[in-house]
Amino acid sequence: MSQLAAELLEPITPPSGQVVASEAIQGRGPWQLAWARLRRDKVAIGSSLVIAVIALAAIFAPLIARLIGHGPDTQFQSTGLSPQGIPVGPSTSFFFGTDDLGRDVFIRVIYGARISLLVGVIASGMAIIVGVVVGLAAGYLGRAADTVLSRLMDVILSLPFLVFAIALVSVVGPSLTITVAVIAFFSWASVGRIVRGQVLSIKEKEFVEAARSLGAGDLRIMFVEILPNVLAPTIVYATLLIPLAIVFEATLSFLGIGVIPPTPTWGNMLSEAMPFYRVAWWFVAFPGLALVVTTVAFNLLGDSIRDAFDPRGSRSS
């Protein structure tokens, strides 16, 4: 009997080359699954590379200008304009041609990327912060707080963007700070609506009730228990909000109520190129192409991130 008991108590060793199923299975959280999907998504990788190239060009714009020898406001009256005073086309001296004042369009485009990305990131960041805080408060506190904050968001969303921007600029004057403030002011309400809807569906979950029963305060529940669960849709919307802010800035600058010339932005470059689009296509094409490529890249990246966080998406995990 003792020998039989020893054999029964001896651990079973799986055959060589086989792995116990329980050891092979490893749990992965939603963030790990999303990252795994993104790494296999060619659209996400391609759009990220495009954004990285544009960002690096914007960061190192002064170095590029120094290497080429062309400043963003340097006017080449003899080599940058034809004898008739028309901008010259793309060449080895001016990669993207010149504008109506003989300035290098290539250098001005990469300097314009600095303004566009700066406005897009800062304005979107401000809108995300305000929208998340207001959305958390409206969704979690409910009742009077929800009513007041929701009506405030409705009012912001109903205001006409361009009319308000023109009225504000006519009072205080155009500047980069005013441009960022106007874009952030009109963007945070949509973020708040999204966060509020997510909080309303999460605040009755068991883990929130457990935290409340353990004596956690409202601030801890909102920012420690609920906020991490609404970060995914917030990140997705942030990647889609940045190109929207870039387009808003270009629109304001095109209308003359954004960044003040001669500071190069894609919007005011397009505005300056309008009288010359028949004789100098490059003056319009390259700033417009930079604007289109940047906004499309951010939108494609946002779509990929959204699909990566969606468990019902078509991409395999």
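The values are calculated or read from the model by the stated rules, or taken from the named source; none is laboratory data. These figures come from a predicted structure and were not determined experimentally. Every residue, glycine as well, gets a Cβ built from its backbone with ideal geometry; the counts of neighbours run over all protein chains shown.
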Of (1) touching a helix residue (DSSP H, G or I) at 6+ places or on another chain (Cβ under 8 Å); (2) over 29 Å from residue 73 (Cα atoms), residue 213 fails just (1)
Residue 246: in contact (Cβ under 8 Å) with a residue 12 or more places away in the chain, of a type in the set (A, V, I, L, M) and more than 23 Å from residue 102 (Cα to Cα), yes or no? yes
Looking only at the stretch 219-243, count every residue that is free of Cβ contacts under 8 Å to residues at least 24 places away in the same chain and either of a type in the set (A, V, I, L, M) or buried (at least 21 other Cβ atoms within 10 Å of the Cβ) (or both) and tell me the total. 3
Counting only residues that are closer than 20 Å to residue 128 by Cβ and surrounded by 13 or more Cβ atoms within 10 Å (Cβ to Cβ), which one in the stretch 160-177 is modelled with the lowest pLDDT? 161
With (1) touching a Lys or Arg at 6+ places or on another chain (Cβ under 8 Å); (2) modelled with pLDDT of 90 or more; (3) not acidic (Asp, Glu) as the list, and residue 246 as the residue in question, which single condition is left unmet? (1)
Exclusive hit being touching a helix residue (DSSP H, G or I) at 6+ places or on another chain (Cβ under 6 Å) and in a helix (DSSP H, G or I), set 65, 52: 65
Condition met for residue 182 (touching a residue at least 60 places away in the same chain (Cβ under 8 Å), touching a strand residue (DSSP E or B) at 6+ places or on another chain (Cβ under 8 Å) and under 24 Å from residue 263 (Cα atoms)): no
Go through (1) modelled with pLDDT of 90 or more; (2) farther than 30 Å from residue 59 by Cβ and name the single condition residue 124 misses. (2)
Taking the stretch 161-210 and keeping only residues that are more than 17 Å from residue 232 (Cα to Cα) and among the β-branched types (Val, Ile, Thr), one is left with 163, 166, 169, 171, 172, 177, 178, 179, 180, 182, 183, 208
Any pair with Cβ under 8 angstrom, 6 or more apart, that starts in the stretch 40-53 at a residue that is free of Cβ contacts under 8 Å to residues at least 24 places away in the same chain and acidic (Asp, Glu) and ends at one that is loosely packed, with under 12 Cβ neighbours inside 10 Å and assigned to a helix (DSSP H, G or I): none
Quick one: in the stretch 265-303, which of the residues that are modelled with pLDDT under 90 and in a loop (DSSP other than H, G, I, E, B) is nearest to residue 102 (Cα to Cα)? 280
Considering each of 142, 135 in turn, give the residue that is surrounded by 17 or more Cβ atoms within 10 Å (Cβ to Cβ) and of a type outside the set (Phe, Trp, Tyr). 135
Given the conditions (1) modelled with pLDDT of 90 or more; (2) over 18 Å from the mean Cα position of the chain (by Cα); (3) crowded, with 17+ Cβ neighbours inside 10 Å; (4) within 30 Å of residue 82 (Cβ to Cβ), which single one is not true for residue 196? (4)
In the stretch 94-126, what residues are surrounded by 19 or more Cβ atoms within 10 Å (Cβ to Cβ), among the aromatic types (Phe, Trp, Tyr) and closer than 16 Å to residue 53 by Cβ? 96, 106, 111
